[in-house]
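K.L.:
Before I ask anything, here is the structure I am working with.
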Amino acid sequence: AISDISDADFTVYSPNLYLAQPNQAGYSWTVGTSLYIAWSGSLPSASTVTIELSRDNGSTWTTLTNAAPNTGGYSWTVAGAATTTARVRITSNEYAGATVTGVPFTIFVPSLTVTSQSSTMSYPIGSLVPISWSSNLCTSTDVRIEFSGDGGSSWTTLVAQLSNVGSWTWRVNAAPTSNGLI
């Protein structure tokens, strides 16, 4: 009987993936911003992955890319409808079973609505006018308040940077107009 044994030990392993981001409870991403999807694992660097997004906690999936290089990161500009049950899934294109699904996170569409001024109001020059707004942005987000005296064709900044606290008082210092907007 003729036989031989390998000249050196070799490794047999199960390829795997780990999702680093977004994979923490409480993540919230704004439509229009860039989300960096980060992963690691034991896949060869020359392999590729498919990255998918679910907006319904994993019931259905939409492909973001089907051939991302296995570099450990992919930037995606957040788009689509708001949801509190978004999830990311990454799957190896070469190794069956190497897949990872993240925890649910929130995708939201930012909104800001002026709630205090209407066409039926008028303000004397020099008066103090409360300006209020509602928003789904956090209070650490800054807002800018502007005034237009020509129905929105041009704008003058009243305050360039203000915490999103929902109100601010303006001392009217604009020229007389019947086309004022905040």
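The values are calculated or read from the model by the stated rules, or taken from the named source; none is laboratory data. Values in this document were obtained by computation on a predicted structure and should not be read as measured data. Virtual Cβ from ideal backbone geometry, glycine too; neighbours counted across all protein chains shown. The accessibility values were calculated without ligands, DNA or RNA, using every heavy atom of the protein model including side chains. Shrake-Rupley method; radii C 1.70, N 1.55, O 1.52, S 1.80 Å.
K.L.:
For the chain, what is the accessible area per residue in Å², given a 1.4 Å probe and the full set of protein chains?
P.N.:
On a per-residue basis, 60 Å².
K.L.:
Put +1 on the Cβ of each Lys and Arg and -1 on the Cβ of each Asp and Glu in the chain; which of SER40, GLY97, TYR74 then has its Cα farthest toward the positive end of the dipole?
P.N.:
TYR74
K.L.:
Accessible area of the chain with a 1.4 Å probe: how many percent of it is carbon plus sulfur?
P.N.:
After summing per-atom areas, the C and S share lands at 52 percent.
K.L.:
Turning to a different aspect of this structure: Express in nm, to one decimal, how much length is gained between TYR123 and SER153 on full extension, taking 0.36 nm for each residue of separation and deducting their alpha carbon distance.
P.N.:
Computed gain between TYR123 and SER153 is 8.8 nm.
K.L.:
Next question, about the same structure. For the chain, modelled as a Gaussian network with Cα springs under 10 Å, which listed residue fluctuates most, VAL31, VAL165, VAL49?
P.N.:
It is VAL165.
K.L.:
What is the calculated FRET efficiency for SER59 to GLN21, with r their C-beta to C-beta distance and R₀ = 25 Å, to the nearest 0.05?
P.N.:
Between SER59 and GLN21 the formula returns 0.65.
K.L.:
Can you tell me which of 123-136, 73-86 comes out highest on packing, and rank the rest after it, using the mean Cβ neighbours within 10 Å?
P.N.:
73-86, 123-136
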